[in-house]
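Written below as structure tokens is the structure these notes are about.
The values are calculated or read from the model by the stated rules, or taken from the named source; none is laboratory data. Model, not experiment: these values are computed from the prediction. We place every Cβ from the backbone using ideal geometry, glycine too, and count neighbours over all the protein chains shown.
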Amino acid sequence: MSASGGTKAIVAALAANLAIAAAKFVAFLFSGSSSMLAESVHSLADSGNQGLLLLGGKKARREATPQHPFGYGRERYIYAFLVSIVLFSVGGMFAIYEGYEKIKHPHAIEAWYWPVGVLVFAIIAETFSFRTAIKESNTVRGNLSWKEFVRRAKAPELPVVLLEDLGALVGLILALGGVGLALLTGNGVWDGIGTLCIGVLLIVIAIVLAAETKSLLLGEAAGTDEVAKIEAAVVDGTTVTRLIHMRTLHLGPEELLVAAKIAVAHDDTATEVAEAINAAEERIRAAVPIARVIYLEPDIYSEKEAAAGPDPAATPGGPGHH
């Protein structure tokens, strides 16, 4: 996934959320709507989240050090996980608390045109941000469904922005419904119910984000297409006769570790084996450019040992999978 595409979507979402947060808070001051207060905090939390994603992207570009020899690519996963925590605590829990208070102590909405006008403006602005995120995602999504894209994407920025923008749009509709029903019935309880619904929505999205980024933090293998390309590139039929077993691991969204045991001829010299390994590494990098860290172990192929399978405690083997 292109980092520039994710950055463009983040910046668009950040600009929209800052403007929307200010407008919602002004509407809350004039109307006293709890939905508007919850939504203003929601937009403020989203703005902070986009700032976290931009910070994570910057930190991930640091050079590797002796203490962190594989670099800082996973910083992007850590900051994406922090986004889910912020969304849950600041956005979701605050909205539930505010909704409960409004239901317990309802009061009529004043200056109705402020919340309604701001919500309509916010829906238009969030639609623009959501459209940008969809457009940038479509350039890398391929044939994957949206659900598969969110689950399989190795770069967290676009899925995070997509879910945040989707949640923001649905939350705005819920807020508009709560405010509208409160105005029609004259009962402020509906405003509180709308606020509660917003809180539940944000918590659900936060849990989905946390689950997906947790998987990335634990370490995911290369996708099926990348594994197939690596397997095809390793073997040339002459110097490398077979791929015995292999494992892959994402060190970051755009950096892949490949560890494999390859079969070479039993009478090859040390020089020939070294040249075969170097050539195989070049073929892998040409096929999958993000495969930047490659460890290949030469061996003599044995039908008996292959049937027994790799020993996970002693070898880097095992086919990569998602």
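Below are the figures for this structure:
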item	result
Residue pairs meeting the criteria (Cβ under 8 Å; at least 6 apart or on separate chains; first on the phi < 0 side of the Ramachandran plot, in segment 282-293; second of a type in the set (D, E, K, R) and in a helix (DSSP H, G or I))	A287/K229; V288/E226; V288/K229; I290/E226; A291/E226; A291/R285; R292/R285
All positions within segment 133-145 that are touching a residue at least 60 places away in the same chain (Cβ under 8 Å) and either surrounded by 21 or more Cβ atoms within 10 Å (Cβ to Cβ) or touching a Leu at 6+ places or on another chain (Cβ under 8 Å) (or both)	A133, E136, S137, V140
Criterion: touching an Asp or Glu at 6+ places or on another chain (Cβ under 6 Å) and not in a loop (DSSP other than H, G, I, E, B) - qualifying residue of N17, N49	N17
Tally, over segment 196-213, of residues that are of a type in the set (S, T, N, Q) and out of contact with any helix residue (DSSP H, G or I) (no Cβ under 6 Å at 6 or more places or on another chain)	0
Meets criteria (touching a residue at least 60 places away in the same chain (Cβ under 8 Å), crowded, with 17+ Cβ neighbours inside 10 Å and of a type in the set (G, A, S)) for S47	no
Residue within segment 109-117 that is under 20 Å from A16 (Cα atoms), surrounded by fewer than 21 Cβ atoms within 10 Å (Cβ to Cβ) and at pLDDT below 85 present	no
Any hit, segment 59-72, residues being within 24 Å of L249 (Cα to Cα), part of a helix (DSSP H, G or I) and in contact with a helix residue (DSSP H, G or I) (Cβ under 6 Å, 6 or more places away or on another chain)	yes
Scan of segment 202-236 for residues that are touching a residue at least 40 places away in the same chain (Cβ under 8 Å) and closer than 21 Å to V41 by Cα, ordered by number	L202, I203, I205, A206, I207, V208, L209, A210
Odd one out for T65 among (1) hydroxyl-bearing (S, T, Y); (2) touching a residue at least 40 places away in the same chain (Cβ under 8 Å); (3) surrounded by fewer than 21 Cβ atoms within 10 Å (Cβ to Cβ)	(2)
Answer from D236, D268, D225 - the residue that is in a loop (DSSP other than H, G, I, E, B) and modelled with pLDDT of 85 or more	D236
So K59, is it touching a residue at least 60 places away in the same chain (Cβ under 8 Å) and among the basic types (K, R)	no
Residue in segment 33-45 that is closer than 30 Å to R151 by Cα, β-branched (V, I, T) and under 19 Å from the mean Cα position of the chain (by Cα) present	no
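A quick yes/no check of all residues on (1) of a type in the set (D, E, K, R); (2) more than 24 Å from L169 (Cβ to Cβ); (3) out of contact with any Ser or Thr (no Cβ under 9 Å at 6 or more places or on another chain):
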site	(1), (2), (3)
L18	no, no, no
A22	no, no, no
S35	no, no, no
S40	no, no, yes
L44	no, no, yes
G48	no, no, yes
L55	no, yes, yes
K58	yes, yes, yes
P69	no, yes, yes
